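Novice: Right, I'll just put the structure down here and ask away after.
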Protein chains: 2
Amino acid sequence: MAATIRDVAHAAGVSQATVSRALSMPELVRPTTRARVEAAARELGYRPNRAARGLITGRTGNLGLIVPDLSNPFFAAVVKGVQAAARAADHSVFIADTDEEAGVEADLLRALAKQVDGLILCSPRAPDDELAAVDSDSTIVLMNRRAGDRPSVTVDNADGMRQALEHLVALGHRRVAFVAGPRTSWSNTQREEGLHRSAEAGHVELVHLGHFPPQFEGGVAAADLAVASGATAVIAYNDLVALGLLSRLGARGIPVPSAMSVVGCDDIGMSAMSHPALTTVSVPKRAAGRATVGLLLSLLDAGADGSPLHRELPTQLIVRATTEVAPPTKGTTR
Amino acid sequence: MAATIRDVAHAAGVSQATVSRALSMPELVRPTTRARVEAAARELGYRPNRAARGLITGRTGNLGLIVPDLSNPFFAAVVKGVQAAARAADHSVFIADTDEEAGVEADLLRALAKQVDGLILCSPRAPDDELAAVDSDSTIVLMNRRAGDRPSVTVDNADGMRQALEHLVALGHRRVAFVAGPRTSWSNTQREEGLHRSAEAGHVELVHLGHFPPQFEGGVAAADLAVASGATAVIAYNDLVALGLLSRLGARGIPVPSAMSVVGCDDIGMSAMSHPALTTVSVPKRAAGRATVGLLLSLLDAGADGSPLHRELPTQLIVRATTEVAPPTKGTTR
DNA sequence: GTGAAAGCGCTAACAG
DNA sequence: CTGTTAGCGCTTTCAC
């Protein structure tokens, strides 16, 4: 069995309380004693039992993270960020994957709530009221979503779309299609809205293409619609969809970008590797993960005082090879 | 504050012990009492504190999972499998990402050991002796690696390579290159060995191409070597590398598969979506994750009796569009 | 069947 | 500065 605080106390010839102090608040114990305790602890390979500690302090040192789909590179990157930040702050993280099912979010939330200090809900698919209903004991921070007053970390989706659209307009595109993502995705709504606003300002026609699953297949399915829409450029909900678009366009022999420009969103690793390399709106995934942990931890420490409850990170268009000057068209607004 | 067992006991007019029994060993308490307790528990939204329970039972209901890189789709899939199986067994899982650094594996291992019942070490990069040194308090199961007597779940890498090579041989290839992955990767060693054995049996020349990072970039870097080697086909350590190969080959105007056949390994989602679609050795990632949890749990329950300590899952070649009959060559073994 | 009491490993008052 | 005491929420003897 592993060494307990008692063993260390014994070995060092002090009380358990002293061991506890020597290890957690070193300045409260005399240097010589501290040294003795530390030596004993090292000797025995003592590592405090966090569960036992949590029982009394109310802090477990654990964070929970719930994501829709780990196999989506976007979320994988977020998880890496969260995990790294948590580790730096000496916390561990529970991971849970909902498989894009809104229903299990609440379940997982409740299941984890007791074992963690705080919970990060990444891109939750559940409706607002359902999220509000979960008044867990533990602090919840939303990521990639805003719902009421719940603290959140988001990225400036609307501005990213603005950059993408302005880029296309500058290239002469006057009719642009948007391939929408999941209806229940907050990011999707934000992106749509940002696009609509910018389209009005820029005098561009925006064609809205139904809702598609945020995956490669979604893009494949949407490609023909985009072509038929008469648009000369298409902006996809995310890179996976954009990659699907590229694939189907290629299969149909429609050259990108000469006949059709394509813009993605997220800047997942794959997008730099496609042929041609994808122009995309870069989202700071890792940083968002880190920021969320930061917000959560500050909330836990300060008890919601001081620090702002919302944090919004910037997005940045990355121009690669899938966008080009618009081809001459037949009947465009001009 | 959340409801405790005391609250429930009070509400139901019984003792804490009865509540505990009614919930954990229902057959030990009279049906009417049980009903009363269950009602009270539901009423108060009572959920037992697992940390407190763990303190006494010695079981936390938590599992730990350590992977080299979450952003590698292969590991993402494994994590999904692990997570799903754990959830089905009412366990939670801690995730940790080592960023491919062998050094942090032991650290993470020790950090998590106290908080979990069992640990899954996925594709560990640390050398055997270092792994052996970690005699954590918690049960450790290796995945994608074998080291001494440690329980493990692996896939039949060698057989997968055999299938790939036989396929190429059947297509007339007589000189095949292998782009190796990380030197410290056990899978890589297995794949190399399997390949060498099959090459001898099949009278094929095998060209070994240095060690490359198991990523897209690795493949990009290896492509020119593969071409220069005079091989008519190349097998990559994994799909990411194969995709990089495809990319560089395309950039150089070398048609795949007519001038060069390419085979990957793992069958990550992306490989079906590349152009042309990648021929690859499919590895049951999710299933491996599930199997590992199964093994771990059985070990925890049975205390290592009965069930075998090693489990090997089959691999399966999937022929898609990157392999073809070998082109006529100048000076081949023939 | 059920309750009382002890105790898992640890920290937080409170004395000294 | 350090030891003593109490108790976090839960399960488990051991009586009844």
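Novice: Pull up the cross-link candidates among the aspartates and glutamates for residue A:80, meaning alpha carbon to alpha carbon under 12 Å and not fewer than 8 places away within one chain.
Specialist: B:69, B:97, B:99
Novice: To continue, here is another question. Taking the Cα centroid of the range B:158-231 and of the range A:110-160, what is the distance between the two, rounded to the nearest whole Å?
Specialist: The range B:158-231 and the range A:110-160 have Cα centres spaced 46 Å from each other.
Novice: Roughly how many nanometres apart are two label points built 7 Å out from the Cα toward the Cβ at residue A:225 and residue A:309?
Specialist: The modelled label-to-label distance comes out at 3.6 nm.
Novice: How do B:299, A:65 rank when sorted from fewest to most other Cβ atoms within 10 Å of their own Cβ?
Specialist: Listing B:299, A:65 from fewest to most nearby Cβ atoms yields B:299, A:65.
Novice: Over all distinct Cα pairs, what is the inverse of the mean 1/r for chain A, reported as the Kirkwood hydrodynamic radius in Å?
Specialist: 22.2
Novice: DSSP loop (so not H, G, I, E, B), at most 15 other Cβ within 10 Å: list which trypsin sites (Lys or Arg not before Pro) in the range A:152-252 pass both filters.
Specialist: Counting only loop positions with at most 15 other Cβ atoms within 10 Å, the trypsin sites (Lys or Arg not before Pro) in the range A:152-252 are A:183, A:252.
Novice: What does DSSP give for chain A in terms of the percent of beta bridges that are antiparallel, rounded to the nearest 5?
Specialist: Percent antiparallel among DSSP bridges in chain A is about 5.
Novice: Would you mind giving the mean number of other chain beta-carbons within 10 Å of the Cβ of each residue in B:92-99, as a whole number?
Specialist: 6
Novice: Related question: Please report, for residue A:28, the nm distances (one decimal) from its label point, 7 Å out from Cα along the beta-carbon direction, to the equivalent points in the remaining copies, shortest first.
Specialist: Result for residue A:28, in nm, nearest copy first: 3.8.
Novice: Give me B:108, B:121 sorted ascending by neighbouring Cβ count inside 10 Å, so fewest comes first.
Specialist: B:108, B:121
Novice: Where in chain B are the helices, taken as whole DSSP H runs, whose Cα atoms extend 30 angstrom or more along the long axis and whose Kyte-Doolittle mean reaches at least 1.6?
Specialist: Once both thresholds are applied, nothing remains.
Novice: OK, next. Scattering from the C-alpha atoms of the protein assembly as shown alone, worked out with Debye: what is log10 I(q)/I(0) at q = 0.06, 0.09, 0.11, 0.12 1/Å?
Specialist: -0.40, -0.86, -1.17, -1.30
Novice: For residue B:200, which inter-copy label distances result when the label point lies 7 Å beyond Cα on the Cα-to-Cβ vector, reported in nm to one decimal and in ascending order?
Specialist: Computed spacing set for this position: 7.5 nm.
Novice: Skipping prolines and chain starts, which residues have an amide H placed within reach, meaning under 5 Å, of the one on residue B:72, given they are 5 or more residues away or on another chain?
Specialist: Those lying under 5 Å, H to H, from residue B:72: there are none.
Novice: Helix-only mean residue ellipticity at 222 nm, chain A, DSSP H runs n ≥ 4 weighted -39,500 (n - 2.57), per residue, nearest 500. What is it?
Specialist: My calculation for chain A gives -14000 deg cm²/dmol from helical runs alone.
Novice: Which three extents, in angstrom, do the Cα atoms of the range B:169-299 have along their principal axes, listed largest first?
Specialist: Principal-axis extents of the range B:169-299 (Cα, largest first): 51, 33, 27 Å.
Novice: Let me ask you something else. What fraction of the DSSP beta bridges in the range B:190-334 is antiparallel, stated in percent and rounded to the nearest 5?
Specialist: If I count the DSSP bridges inside the range B:190-334, around 30 percent turn out antiparallel.
Novice: Tell me whether the range B:36-173 comes out rounded, prolate or oblate; compute the Cα gyration tensor, take square roots of the eigenvalues as a ≥ b ≥ c, and use a/c under 1.5 as the rounded threshold.
Specialist: In terms of gyration-tensor shape, prolate.
Novice: Right, another one. The range A:260-321 to the range A:43-103: how many Å between their Cα centroids?
Specialist: Here the answer is 20 Å between Cα centres.
Novice: A follow-up question, please. Ranked by Cβ crowding within 10 angstrom, fewest neighbours first, how are B:234, A:155, B:325 ordered?
Specialist: Going from least to most buried by this count: B:325, A:155, B:234.
Novice: Put the label 7 Å from Cα along Cα→Cβ for residue A:319; what are its distances to the other copies, in nanometres, shortest first?
Specialist: 4.6
Laboratory data are not the source of any read-out in this text; all were calculated from the coordinates shown. Small disclaimer: the values here were computed from a predicted structure and weren't measured. Positions of Cβ are backbone-derived with ideal geometry, glycine not excepted, and every protein chain shown enters the neighbour counts.
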